[in-house]
Amino acid sequence: MSDTRNTGGATSGATWRNNPSASASAQQAYDPWLQPELFRGVLTKRFFAFLIDLVILSIPIILAIIFVTLFGIVTLGLGWFLFWLISPFSVIWALLYYGMSLGGPNGATVGMRMMDIEMRTWTGERPYFILGAVHAVLYWVSVSFLTPLVLLVGLFNGRRRLLHDVVLGTVFINSSVQASAVQTTRV
């Protein structure tokens, strides 16, 4: 079954993924050669934002471990059977955290906001919940199976995108530069 568009009575043969009428500016919203300030220092900021997010992610997990430990002491060891819930809880918590923060109005986690960067699709739209959650999953899978050396991919492209960014079609930019660029285009 073909998903073609009907323009003026004639079928153009363009599917929803291959839209020849899309403007060139929408296709290349962030050009590293025309706007290098958008990508200046992004990899370093992403590293520190990741460390901040790890601290934020670990706080509820540590509190859950303390609770189960104390509950096990009070129940003479029976409560320690709840330790098996910690791993699924930590995965669900991380997916919710990344999905809601990256898919939220800022397009950034708390660490990314502190480091003044945000995530966008390569065409310039804000990310959504599923994209944020899948971004986190692909990051952990790529680092787990391809070793952390896969992160070196960001050093060899103009947009400073990592492997999972390329697969998902996302880009990280400096938030303050993005805001000033939007204000100058409005004036």
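The values are calculated or read from the model by the stated rules, or taken from the named source; none is laboratory data. What you are looking at is a predicted structure, and each value in this text was computed from that prediction instead of being measured. Glycine also receives a Cβ, built like all others from the backbone with ideal geometry; neighbour counts cover every protein chain displayed.
Remarks
- Among the residues making up segment 119-135, those that are in contact with a Lys or Arg (Cβ under 9 Å, 6 or more places away or on another chain) and either crowded, with 22+ Cβ neighbours inside 10 Å or without any contact (Cβ under 8 Å) to a residue 40 or more places away in the chain (or both) are Met119, Arg126, Pro127.
- A single member of Leu95, Leu51, Leu70, Leu38 is hydrophobic (A, V, I, L, M, F, W, C), exposed (fewer than 14 other Cβ atoms within 10 Å of the Cβ) and touching a residue at least 40 places away in the same chain (Cβ under 8 Å), and it is Leu51.
- Among the residues making up segment 104-118, a single one is charged (D, E, K, R) and surrounded by 20 or more Cβ atoms within 10 Å (Cβ to Cβ): Glu118.
- Test: Val150 is over 11 Å from the mean Cα position of the chain (by Cα), more than 20 Å from Tyr98 (Cα to Cα), assigned to a helix (DSSP H, G or I) and modelled with pLDDT under 95: yes
- Residue in segment 149-156 that is farther than 20 Å from Phe39 by Cβ, among the hydrophobic types (A, V, I, L, M, F, W, C) and in contact (Cβ under 8 Å) with a residue 12 or more places away in the chain present: no
- Looking only at segment 52-111, residues that are among the hydroxyl-bearing types (Ser, Thr, Tyr), part of a loop (DSSP other than H, G, I, E, B) and under 27 Å from Thr170 (Cα atoms) come to 1 in all.
- The residue list Trp140, Trp84, Trp93 contains one member that is more than 16 Å from the chain's Cα centre (by Cα) and under 24 Å from Val55 (Cα atoms), which is Trp84.
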